[in-house]
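Only one structure is covered here, and it is reproduced in the block below.
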Amino acid sequence: MKIEKITVTPIAIQDPPLLNVLGIHQPYALRSIIEVTADNGLVGLAETYGDSNTLNGLNRVSELLAGLDPFCLNDLEARVERGLAGMKVKDGSILAPGTIPERAKAIAFAAYETACLDLQGKLLGLPVAEVLGGRVRDAVPFSAYLFYKKARHIGAAHDDPYGAAETPEAVVRQAKAFVAEYGFKSLKLKGGVYEPAVEIETMRQLKKAFPDHPLRLDPNGGWTVKTAIAAAHELEGVLEYLEDPVLGFAESADVAHSISMPIATNMVVVSFQDLAESVRHGSVQVILSDHHYWGGMRATQALAKICSIWKLGLSMHSNSHLGISLVAMAHVAAACTNLTYACDTHYPWQQDEVIAGGKLKFIDGALPVPTKPGLGVDLDRDALTRLHRQYLACEDLDRDDVKEMRKYDPNWKGALPRF
Ligand SMILES: [Mg+2]
């Protein structure tokens with residue numbers, strides 16, 4: 001089997017006005033859909049970020065992939081290196097993917113590796129989880145990803161289906177709706193939005209409403225060390241972990257050494273290069289893996305192994321995404337023996353879908369790992385065309401939550417730490 005043709009299609013998907021430490025989500029989130037066609041007619045799929053750095057990287061590499069055997073992933077890595085050598089990346093915010101050259105490589109490799117694994121599975125008649133060594137679980141638990149949010153985007157004619165959530169009570173209502181619809185057994189709140197006292201109160205009300213659900217809070221590095229330690233003491237017995245209360249190896253370690261709950265991260269430790277320094281400092285206790293930017297699914301399995309060696313917990317990070325990403329996350333999570341926490345997903349916030357058959361279904365808060373060959377999903381071509389048109393009509397081709405927030409508050413800075 002040899003690769004014949006690559007198609008990278010940028011798409012824009014509707015995204016609700018979700019609040020975070022930097023500002024607010026824009027009306028559309030950007031993704032790319034990758035199709036890798038082999039000479040036997042099989043097509044491998046992948047989904048990744050759709051920002052301009054990622055697209056630039058994917059397109060540079062695509063020119064070098066003709067003739068590659070999808071089983072030769074070391075050769076793929078060499079071609080990605082070659083394709084991205086000397087590529088300039090645009091600066092982005094701390095929440096933007098692909099803004100560091102090393103990360104751009106990890107992202108491009110991960111996307112094409114996913115499509116190659118889909119092709120391998122299709123050729124062998126095996127699901128990707130089996131190609132990765134075999135599933136150790138048939139369904140992957142996900143956490144409800146709760147957000148403070150506005151009722152509608154600026155300029156929208158009506159409220160979105162989720163409504164406003166700008167108080168602790170509204171977040172509890174949101175949690176009840178998510179748990180009723182999806183059966184989630186863990187709850188995560190995106191924090192760093194309001195004064196810590198408000199967010200602590202929100203977590204306490206969630207604990208009262210869901211005494212048996214493990215809870216997490218993620219201020220996205222928006223707190224000072226002092227604020228983080230004080231908040232963690234108040235949330236003793238309420239949270240299973242606190243995610244990225246502060247930025248920096250030393251700062252995170254200062255917090256970690258003063259509190260009893262674990263610190264999880266997708267901001268302090270974001271690559272293999274970060275692991276040694278984090279372990280040396282004792283900065284974090286749980287790593288949020290993400291095959292999209294950690295260099296793919298096999299790299300995620302390597303990360304899982306490192307976590308088990310250093311007795312670090314393992315969970316999974318998410319950005320706004322569709323079903324191809326979700327099944328890829330499920331396959332790799334199913335093939336990691338030491339997944340110690342439910343994974344994050346934005347999926348319930350997305351109305352659009354690009355896979356045939358529509359939105360995937362969670363059962364009791366978990367996604368059944370597909371049993372069909374490859375990733376186990378097919379493209380809905382009409383949806384892809386529609387979502388690509390949506391992309392072509394987009395004003396902003398890079399995510400900018402700070403800029404969006406200035407539409408609500410012209411003096412908004414989006415600077416960290418906030419509290
Ligand atoms: Mg996070």
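The peptide list 394-400, 332-338, put in order of mean Cβ contacts within 10 Å with the highest first, becomes 332-338, 394-400.
Here the dipole of the chain is about 140 debye; that uses its Cα centre as origin and unit charges on the Cβ of Lys and Arg (positive) and Asp and Glu (negative). Per residue, the chain reaches -11000 deg cm²/dmol at 222 nm when only DSSP H runs of four or more residues are counted, each adding -39500 (n - 2.57).
Using a simple charge model, +1 on the beta-carbon of Lys and Arg, -1 on the beta-carbon of Asp and Glu, nothing else, what dipole does region 246-308 show about its Cα centre, in debye to the nearest 20? Spell out each step's value before the answer.
On the way: 3 positive and 5 negative charges, 55 e Å.
Charge dipole of region 246-308: 260 debye, to the nearest 20.
How about region 1-103: which GluC sites (Glu not before Pro) there are in a DSSP loop, with at most 11 other Cβ atoms within 10 Å of their Cβ? Don't jump to the answer; show the numbers that get you there.
Details: sites: Glu4, Glu35, Glu47, Glu63, Glu77, Glu81, Glu102; in loops: Glu63.
Those that pass, being in a loop and sparsely packed, are Glu63.
Count Lys and Arg as plus one, Asp and Glu as minus one, and take only other residues whose Cβ is under 15 Å from that of Asn411; the net charge is then +3.
To make sure I understand, if each residue's beta carbon is the centre and we count other beta carbons within 10 Å, what order do Arg389, Arg152, Arg135 fall in, fewest to most? Write down the numbers at each step before the final one.
Working: Arg389 11, Arg152 17, Arg135 20.
Listing Arg389, Arg152, Arg135 from fewest to most nearby Cβ atoms yields Arg389, Arg152, Arg135.
What does the charge count around Ser271 come to, taking other residues whose C-beta lies under 12 Å from its C-beta (Lys +1, Arg +1, Asp -1, Glu -1)? Don't jump to the answer; show the numbers that get you there.
Details: positive: Arg103, Lys105; negative: Glu102, Asp274, Glu277, Asp290.
With Lys, Arg at +1 and Asp, Glu at -1, the neighbours total -2.
Straight-distance candidates among the lysines for linking to Lys88, with alpha-carbon spacing under 28 Å and chain neighbours fewer than 8 residues away dropped: Lys5, Lys105, Lys403, Lys413.
Do any trypsin sites (Lys or Arg not before Pro) in region 309-377 lie in a DSSP loop with no more than 12 other beta carbon atoms within 10 Å, and if so, which?
Numbers: sites: Lys311, Lys359, Lys361; in loops: Lys311, Lys359, Lys361.
Filter output for region 309-377: Lys311, Lys361.
Taking other C-beta atoms within 10 Å as the exposure proxy, Cys307, Cys116 rank Cys307, Cys116 from fewest upward. Subtracting the Cα-Cα distance of Lys176 and Ala415 from their residue separation scaled by 0.36 nm leaves 82.8 nm.
Computed about the Cα centre, the dipole magnitude for region 133-368 is approximately 520 debye when only Lys and Arg (+1) and Asp and Glu (-1) carry charge, each at its Cβ. Distance between the C-alpha centres of region 136-166 and region 171-215: 12 Å, rounded to the whole angstrom.
Give a quick list of GluC sites (Glu not before Pro) in region 234-324 that DSSP marks as loop, anything other than H, G, I, E or B, with at most 14 other Cβ atoms within 10 Å.
Values: sites: Glu234, Glu236, Glu240, Glu243, Glu251, Glu277; in loops: Glu236, Glu240.
Here the sparse-neighbourhood loop sites are Glu236.
Cα-Cα over 30 Å: which of Lys90/Lys407; Lys311/Lys359; Lys2/Lys372? Cα-Cα > 30 Å for Lys311/Lys359; rest within.
Listed by chain and number, the aspartates and glutamates placed with their C-alpha closer than 15 angstrom to that of Lys188 are Glu199, Glu201, Asp212, Asp218, Glu240, Glu243, Asp244, Asp344; residues fewer than eight positions away on the same chain are left out.
For the pair region 1-55 / region 300-318, the C-alpha centres are spaced 25 Å from each other.
Values in this text are rule-based calculations from the coordinates and carry no lab data. None of the values given here were measured: they were computed from a predicted structure. For neighbour counting, all protein chains shown are included, and Cβ atoms are generated from backbone atoms with ideal geometry for every residue, glycine included.
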